[in-house]
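Read through the structure below, which is laid out as structure tokens, and then see the notes.
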Amino acid sequence: MTNPSPSLPMSERSPLCRLLRGGRLHSTPSAAELVASSELPPELRAIVLQVVRRTGGWRFEQADVAQELIAHFEDALRQPMTPTEAAARFGDVATAAKLLRRAMHRKRGLAWRAPSFALRAVVIAIACIAVAYGALAVHFYGRSPNIATDYLAQIRALASTSQPVDPAWPRYRAALPALRGAEATHFRGDERLSHLDPLDATDAGPGWDAAEAALRDVDAELRVLRSAAALPSLGVVLGQFDDADRASIGTTTAQGDGLQQAVDWIPLPHLGELRRAAQWLACDARHAAARGDGATAAKDVEAILGIAGQTRGEFVVEQLHSLALLALGSSLVLDILDRWGSALDADASARIASALDAAVDRDLRIRFAADRLAFLDTQQRIYSDDGAGDGRLLHTALPLAATRWSGNASGSLGGIEQLAAPALAITAPGRREAREKFERSVDAVERISARPVWTWTKEDVESLGPRTQKLTDSGTSPLQLVDDLWSFQWGSSALVVPAVRQHLDIARLAVAAHRYRLGRGAWPDGAQALVPAYLPTPAIDMYDGKPLRFSIRDGAPVIWSIGPDRHDDGMSPLLDQASESVRWVPPFEQVDRNGAQLPHGDIRLWPRLKDSAGTDRSPDRQ
Amino acid sequence: MQIEVELMRGAGPVAVLKVLERREMYGYELVEALASRTDGLLRMGQSTLYPLLYNLEAKELVASRWNHTEGRPRKYYRITTKGKEKLAAATKGWRDMAKAMEALGVLSEALQPRGALA
């Protein structure tokens, strides 16, 4: 018989090894050939063939086993022993084949066994991960949050004022539906969200006529708005909107449950509607000024600034709304002075000046008192509680996440998202870590916001950033469980304060100069001539804390600032306010909000010679 | 009486190594040697002997060679150095086991003539 090359170790006898050694792949007889050439009786041949075939080994492995079994049975037959006895003593064919197959695999080289080991390792790893994930899912879906503190009551206590005798909100509530009705009647549906909003129209722009027609329809409501704005307090209690309130703001959506309240913070839907009401007043002021009715325009300005004072609350979102209304009011004043300054007589100018002075005396700083409590309330509703201030995110965050991420009002996520949620939740910051990051973030904003902007360092500005650091960097998954809940933009909120303060001071200074001219028949030589008779306190340049620069050029006044480079260039160059650089940017900023490089130089703040589209204005100031 | 399967599973490799300690043997010879030297107690199922030898070879406890000088090829197995070390260790283990069993009276009772304990 042929030697199936037994002297080589098994690893060196693989088919590939044989081929590489220059031999033929099938250089040895097969098991079948060996059996056929043996002298074994048929039943023993059958046993040998069954065993070797069932091993599923390589060709030479089968030949090796066949050769050995042939020798085994030949020895048995020479005992002597009958073929039946030999077969019986050999035992079970299937068992032999199974054990031989395992033994063959063990004898093969590591390279052959590595994939098998790897596969086994992967299976074990998957099993371990599945078990661990199961435990994770049980924790995520099985535990309930411990809602132990009534933070809503604490937030209400922050306001701590008793309900006013004559709150302004019911009056606004009565007027708001008519304003929406007028918009539906006179404006196209998409105009409100476009830059062609008729409420923003000027006498040279589209929508002016539509706005005028609408204003005629809501004259009574505008009077209601003015009367409401003169009241000291809004009188809205957080989280206590009734059906009439909801109807007034055009929604039928019921107030969310505790969790929804906690994160939507806290239902303040009236803010948007009051801001829209202020835009109506601004529109009315422009139309009145264009008609020469400065008194009505002044009342509208007073009302806008009054609403700004009423809406300022303990939440940052309220403060930002209030600041936006102050910016609207001050911009409106400058707009009227630019276009229809002659409409503002001494009385109207004095009323506006008084309202602006009152506004600038308010505390405009950003405070997070209510937001801190709101954050803690949210945490107690979506985190577990280990009793020591820490915990992991729970399934109760999911409805919230669905609402926030996809606008899915039903508050449900897809199956895959729910399956993945426990894993993603474990990557989210823990309760303590999230709280500490939140507190560090808002502490920094409050600390910086409390100081005059001209004392800010470059590091202060950079620490605020376009928006403060996210809690996590988990990409764009819809299941960024914490990231999207608290993606703080409050750093930029601190930048709003000096911007609005600057707007107010520009308006105060411009109105003071206008009043000076009305009273004395000529422009003042400088800003110092206005204080205190026309300007109780100097208007401040937010870039250096000094009085805003005021000069007479070509017989007309110019209010200018040293600009974000914080260097007084003596009006040379004097950048036009209508350029990209006119928007108030933080000190040290090198680029504007669009990423364009900011030119160095002083900035003309008033008069605004061009509108936002770059069109020349016709200043009514000569 | 043959050794139970579980006991044989542990004893089989040691027994094979012990038989091969004297000289190299081919498969059938090994089967017969095991049976005759143990009065048939370790008459190993032949279908399990060859996988056992393959496993011992994979562990390098035995080595094999084909011998063609006897007229027909036979595969001879011999114990390796590593196999001898393993056998020595296993022998000590079995001795310790035997001592333990002796201490427990398992062996002494088992060696009593049938009926002596009655």
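The values are calculated or read from the model by the stated rules, or taken from the named source; none is laboratory data. Please read all numbers here as calculations on a predicted model, not as lab measurements. Please note: Cβ atoms are built from the backbone with ideal geometry, for glycine as well, and neighbour counts cover all protein chains shown.
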Scan of segment B:60-87 for residues that are charged (D, E, K, R) and either exposed (fewer than 15 other Cβ atoms within 10 Å of the Cβ) or under 22 Å from A:A86 (Cα atoms) (or both), ordered by number: B:E60, B:R65, B:E70, B:R72, B:R74, B:K75, B:R78, B:K82, B:K84, B:E85
Residue in segment A:30-47 that is closer than 27 Å to B:V62 by Cα and surrounded by fewer than 20 Cβ atoms within 10 Å (Cβ to Cβ) present: yes
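Yes/no per residue for (1) under 18 Å from B:N55 (Cβ atoms); (2) of a type outside the set (A, V, I, L, M):
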residue	(1), (2)
A:A31	no, no
A:S38	no, yes
A:E43	no, yes
A:T55	yes, yes
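Conditions (1) of a type in the set (A, V, I, L, M); (2) modelled with pLDDT under 85, marked per residue:
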site	(1), (2)
A:P429	no, yes
A:V442	yes, no
A:K470	no, yes
A:G475	no, yes
A:V482	yes, yes
A:W486	no, yes
Residue match in segment B:6-21 (condition: closer than 30 Å to A:V35 by Cα, assigned to a helix (DSSP H, G or I), modelled with pLDDT under 95 and at the interface with chain A (Cβ under 10 Å from one of its Cβ atoms)): no
B:A90 being within 12 Å of the chain's Cα centre (by Cα), within 14 Å of another protein chain (Cβ to nearest Cβ) and farther than 18 Å from A:A103 by Cα: no
Tabulated pairs, segment A:325-341, first over 18 Å from A:R604 (Cβ atoms), second buried (at least 24 other Cβ atoms within 10 Å of the Cβ) and among the hydroxyl-bearing types (S, T, Y), C-beta under 8 angstrom, 6+ apart or interchain: A:L325/A:T311
Residue count for segment B:24-44, restricted to those that are buried (at least 20 other Cβ atoms within 10 Å of the Cβ) and either modelled with pLDDT under 90 or aromatic (F, W, Y) (or both): 6
Given (1) in a helix (DSSP H, G or I); (2) at pLDDT 90 or above, number of the condition A:L19 does not satisfy: (2)
Cβ pairs under 6 Å, 6+ apart, first in segment A:409-430 and of a type in the set (S, T, N, Q), second modelled with pLDDT under 80 and surrounded by 18 or more Cβ atoms within 10 Å (Cβ to Cβ): A:S412/A:A402
Residue within segment A:149-157 that is in contact with a helix residue (DSSP H, G or I) (Cβ under 8 Å, 6 or more places away or on another chain), closer than 26 Å to A:D390 by Cα, at pLDDT 90 or above and more than 13 Å from chain B (Cβ to nearest Cβ) present: yes
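Quick grid of which residues meet (1) within 12 Å of A:T55 (Cβ to Cβ); (2) more than 9 Å from every other protein chain (Cβ to nearest Cβ); (3) of a type in the set (G, A, S):
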position	(1), (2), (3)
A:Q79	no, no, no
A:E85	no, yes, no
A:V93	yes, no, no
A:A96	yes, no, yes
A:A103	yes, no, yes
A:L110	no, yes, no
A:R113	no, yes, no
Residue identified as within 14 Å of chain B (Cβ to nearest Cβ), surrounded by fewer than 19 Cβ atoms within 10 Å (Cβ to Cβ) and at pLDDT 90 or above among A:E74, A:E68: A:E74
Answer from A:P145, A:P177 - the residue that is under 30 Å from A:W280 (Cβ atoms) and more than 14 Å from chain B (Cβ to nearest Cβ): A:P177
Residue match in segment B:41-49 (condition: among the charged types (D, E, K, R), in contact (Cβ under 8 Å) with a residue 24 or more places away in the chain and within 14 Å of chain A (Cβ to nearest Cβ)): yes
Segment B:56-71 residues that are more than 9 Å from chain A (Cβ to nearest Cβ), paired with ones that are of a type in the set (K, R) (beta carbon under 6 Å, 6 or more apart): B:E60/B:K82; B:L61/B:K82; B:L61/B:K86; B:A63/B:R78; B:N67/B:R74
